[in-house]
Amino acid sequence: MSTPLQQNLLNLNLAGIQAYFEGLGQKAFRGRQVFKWIHQHGFCDFGEMTDISKVLRAQLISQACIKAPEIASQEISDDGTYKWLLRLEDGNSIETVFIPEDDRGTLCISSQAGCVLNCTFCATARQGFNRNLEVHEIIGQLYVANQVLRKLTGNQDGNNNDRIITNVVMMGMGEPLLNFDNVNQAMDIMQDDLGYGLSKRRVTLSTSGVIPMIDKLKETNPVSLAVSLHAPNDKLRDQLVPLNKKYPIKDLMDACKRYVAGEPRRRVTMEYVMLKGINDNEKHARQLIKILSGVPAKVNLIPFNAFDDSGFERSGMDAINNFREILMQAGIITVTRKTRGDDINAACGQLAGSIVDRTRRSKTYATAAVNQS
Ligand code: SAH
């Protein structure tokens, strides 16, 4: 059990943990050693950290802890996708998904308990919003998933060259740019060579389009950017992604251009959920080509994943292929995202978890909107 006075070391990036050890009167490199034990080797027991003196280990046991969210349940899809429901200390729960592919393994991480944005086609929105996740709850998802997957595959030594999780996408529950500081610290740990050693290219943040925070991300940690576009004109996007009323398409596209400016080979991924009869006809495709003109972008078409009472249907395969063909002919790289894990509700937009005290949604939304303006 942790006590309120114990420092959870999962909350600290490398600079933070070094400062913490200096605060204990130790050399900073002790912090680096412990950081490696935690993130590279997946240890949670100070007693097992053999290159640390017994006296310091005892001090850590009394003053610190390494505490990640607990796994409440695990489901495995027919296609090999894992979904974990993680219980947080305050009773909220979140979901994390692991998607194995031939050449990579992608972990999809949540950034908030619930979401304020209220996109009409997303299951998370129906849950309401409770709060931002702490750093330990964000990086804890990677820590826990790594532990489980290593046990399953027998790779226990924590060697970064033999990773199971090769990519992280901030595409789970919540809007990561509305929890900027904590998400940023967690992404720092993912990228640290003494942590998980993932390059910027292998960490993707997906946003509904919080423009000021896109600019801030470019300055602090320009990871790969994905934008949930979903509509080719403001009228439709206002309905599907209500944040559009605050940050309309033209401004969002300008922000995307700024994000990759000066790096000719970088592109922003535009996510576009294919909703039957809503945003999937030829006219929409042509409008999309227009708004993407001059934007270094590629398009990811996401077949809509249904959930109870969603009120939407997935576009037919013909419509999706046709849409893709039109974009490709205009020279826009377009791929259709493979649906993974929908038999266990682990696919894009199906993550729910359970949120306590949903009544906080309106209050917190108001605060978030004020803070971002
Ligand atoms: N709030 C961020 C992170 C969520 S990412 C964002 O909006 O980008 C999850 C991705 O799945 C987003 O592109 C989201 O719009 C998409 N999505 C949401 N509901 C979906 C559904 N039911 N089917 C397919 N994709 C969905």
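The values are calculated or read from the model by the stated rules, or taken from the named source; none is laboratory data. Keep in mind it's a predicted model, so treat the numbers as computed, not measured. Glycine also receives a Cβ, built like all others from the backbone with ideal geometry; neighbour counts cover every protein chain displayed.
Name the single residue that is nearest to the chain's Cα centre (by Cα) among those in segment 189-203 being surrounded by 17 or more Cβ atoms within 10 Å (Cβ to Cβ) and under 22 Å from residue 265 (Cα atoms).
203
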Residue in segment 81-88 that is in contact (Cβ under 8 Å) with a residue 24 or more places away in the chain and part of a helix (DSSP H, G or I) present: no
Test: residue in segment 304-316 that is touching a Leu at 6+ places or on another chain (Cβ under 6 Å) and in the same structural domain as residue 105 (by TED's automatic domain parsing): yes
Helices (runs of 4 or more DSSP H) enclosed by segment 212-306 - at least 1 residues per element that are within 18 Å of residue 117 (Cβ to Cβ) and more than 14 Å from the ligand (Cβ to nearest atom): 234-240, 249-260
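Mind checking which residues of segment 101-114 are closer than 21 Å to residue 303 by Cβ and either within 13 Å of the chain's Cα centre (by Cα) or without any contact (Cβ under 8 Å) to a residue 24 or more places away in the chain (or both)?
Scanning segment 101-114 gives 101, 102, 106, 108.
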Filtered residues of segment 169-203 (kept if closer than 18 Å to residue 95 by Cβ and either among the small types (Gly, Ala, Ser) or more than 10 Å from the ligand (Cβ to nearest atom) (or both)): 172, 174, 179, 182, 183, 186
Failed item in (1) in a loop (DSSP other than H, G, I, E, B); (2) at pLDDT below 90, with residue 343 passing the rest: (1)
Where a residue in segment 307-321 is closer than 17 Å to residue 342 by Cβ and its partner, wherever it lies, is at pLDDT 95 or above and of a type in the set (Lys, Arg), with Cβ under 6 Å and at least six apart: 313/276; 315/276
Filtered residues of segment 94-107 (kept if under 12 Å from residue 341 (Cα atoms) and hydrophobic (A, V, I, L, M, F, W, C)): 97, 98, 99
The lone exception for residue 177 - which of (1) closer than 16 Å to residue 241 by Cβ; (2) in a loop (DSSP other than H, G, I, E, B) it fails: (2)
One residue from 186, 125 being outside the structural domain of residue 32 (by TED's automatic domain parsing), free of Cβ contacts under 8 Å to residues at least 24 places away in the same chain, closer than 27 Å to residue 273 by Cβ and not charged (D, E, K, R): 125
Pairs with Cβ under 7 Å, 6+ apart, first in segment 13-36 and free of Cβ contacts under 8 Å to residues at least 24 places away in the same chain and surrounded by 14 or more Cβ atoms within 10 Å (Cβ to Cβ), second acidic (Asp, Glu) and not in a helix (DSSP H, G or I): 33/51
All positions within segment 96-127 that are within 12 Å of residue 172 (Cβ to Cβ) and polar (S, T, N, Q): 96, 106, 110, 111, 112, 124
Number of the exception - residue 72 against (1) among the aliphatic types (A, V, I, L, M); (2) assigned to a helix (DSSP H, G or I); (3) free of Cβ contacts under 8 Å to residues at least 40 places away in the same chain: (2)
Near pairs, Cβ below 7 angstrom, 6+ apart or cross-chain, from segment 220-231 (in contact (Cβ under 8 Å) with a residue 12 or more places away in the chain and on the phi > 0 side of the Ramachandran plot) to any residue that is assigned to a loop (DSSP other than H, G, I, E, B) and more than 10 Å from the ligand (Cβ to nearest atom): 230/279
Of all residues making up segment 307-319, the number that are more than 17 Å from residue 238 (Cα to Cα), within 12 Å of the ligand (Cβ to nearest atom) and surrounded by 13 or more Cβ atoms within 10 Å (Cβ to Cβ): 5
Hits in segment 105-121 (condition: more than 8 Å from the ligand (Cβ to nearest atom), surrounded by 23 or more Cβ atoms within 10 Å (Cβ to Cβ), among the polar types (S, T, N, Q) and in a loop (DSSP other than H, G, I, E, B)): 110
Residue 331 farther than 18 Å from residue 228 by Cβ, free of Cβ contacts under 8 Å to residues at least 12 places away in the same chain and away from the ligand (no atom under 16 Å from the Cβ): yes
